[in-house]
Each structure stands twice: as C-alpha cells, then as structure tokens.
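Contents: one structure, followed by commentary.
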Amino acid sequence: MGVTLKVGMADLKIAKAPDSLTTLGLGSCIGLTLYDPVAKVGGLVHYMLPDSTQLKTNTNIAKFGDTGIVELYNQMIKQGASPRRMVAKIAGGAKMFGGSGISNIVNVGERNELAAQKALKKLNIPLVAQDTGLNYGRTVILDCETGDFIIKAVGKPLKTI
C-alpha cells in the first residue's frame, strides 16, 4: 500500500498505483474520480458548484464541475491515462438543507450530480458507479491499484463501488 493523498474542497489531484486519493466531507459537493485500469492512474476532484459561468470570481477551476472535471481529464492524460480506457465514479451530491419543498436553487447537490453527468457525456467517459443524493455526508477513497471507490458515512456500512 502506497501513500494516501488528501484532496481538499475545491481541489483535485492525480495519483498512480500503489497510492490512493481521499477527500473528506462531501455534502452537496461531488467527489468525482477518473480511473484508467491499465495505466493504474486515478484522479479525484472535489467540486462545490456545478457551473463556473454563474459567478464572476471563478479563478479556482476545481471549485466547479464544468471546469474541474475537464481539468482532471487533462491532467490524467498528462500522467499516461488513455481517454478510451477512463471510467468515472461519483459520490456526494446530498441534499443537506431543507425539506421536500426545497427549490432547485438551494438543491446544489442535485445540480452538481447533473453537472458531472453532462461533463462526462461530453468527454465520452462512462459513469460506471455512483453513490449520490440522500441527506448525509460522505468521505471517499480511490484505490489506484484496484479502482475501488470506498465510501464512508457516519452510521452507514462501508460501501465499495
């Protein structure tokens, strides 16, 4: 087992086997991984908002789904990953505030999940697994040796997707 690199909020990193990547506290944010099973290269972006065009001060590429996912993709290729072999997994996108009458503006988690699906479709990368929605936070780990995406949540069993 290699080292575990921490990915902060509005951050992204790339790692190669035997290393792993982790991010803590995914509420409405999305943790999106890209993985090449042959090169054993993985990437993780922890983005907070779906669309960078909605804010004037959008200098942090990793803060937004539309720009963070593309940057992760580009960095993966620079590290030897093949676009044809890449697969994606996502976690997070929880509805952390409000009840059933919550407006779409407040439901950032759902909009973040849709942003992931849209970006992956544009890049032609299959979304092979996800653990999203509901009303609880998650901590995730991407194992770059196996491609396993491990999800931890308080009071829930450990899940591997």
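The residues on offer are Gly137, Gly92, and the sole one that is within 10 Å of Ile30 (Cα to Cα), surrounded by 16 or more Cβ atoms within 10 Å (Cβ to Cβ) and in contact with a Leu (Cβ under 8 Å, 6 or more places away or on another chain) is Gly92.
Among the candidates Ala119, Ala115, the residue that is in contact with a strand residue (DSSP E or B) (Cβ under 8 Å, 6 or more places away or on another chain), at pLDDT 95 or above and not in a loop (DSSP other than H, G, I, E, B) is uniquely Ala115.
Please work out which residue is farthest from the chain's Cα centre (by Cα), limiting yourself to the stretch 138-159 and to residues that are of a type outside the set (D, E, K, R) and in a loop (DSSP other than H, G, I, E, B).
Gly155
Residues in the stretch 128-137 that are assigned to a strand (DSSP E or B) and either touching a Cys at 6+ places or on another chain (Cβ under 7 Å) or of a type in the set (A, V, I, L, M) (or both): Val128, Ala129.
Summed over the stretch 15-51, the residues that are crowded, with 21+ Cβ neighbours inside 10 Å and either in a strand (DSSP E or B) or without any contact (Cβ under 8 Å) to a residue 12 or more places away in the chain (or both) give a count of 20.
When you check Thr59 against the structure, is it in a loop (DSSP other than H, G, I, E, B) and either over 22 Å from Leu21 (Cα atoms) or in contact with a Ser or Thr (Cβ under 7 Å, 6 or more places away or on another chain) (or both), yes or no?
yes
On inspection, Pro83 fails the criterion of being crowded, with 18+ Cβ neighbours inside 10 Å and either in contact with a Phe, Trp or Tyr (Cβ under 8 Å, 6 or more places away or on another chain) or of a type in the set (S, T, N, Q) (or both). Inspect all residues belonging to the stretch 84-96 and state whether any of them is outside any helix (DSSP H, G or I), out of contact with any strand residue (DSSP E or B) (no Cβ under 6 Å at 6 or more places or on another chain) and under 21 Å from Leu34 (Cβ atoms). Checked against the condition, which is being outside any helix (DSSP H, G or I), out of contact with any strand residue (DSSP E or B) (no Cβ under 6 Å at 6 or more places or on another chain) and under 21 Å from Leu34 (Cβ atoms), the stretch 84-96 yields at least one hit.
The values are calculated or read from the model by the stated rules, or taken from the named source; none is laboratory data. Fair warning: this is a prediction, and the values are worked out from it, not measured in the lab. All Cβ positions, even for glycine, are placed from backbone atoms using ideal geometry, and neighbour counts span all protein chains on display.
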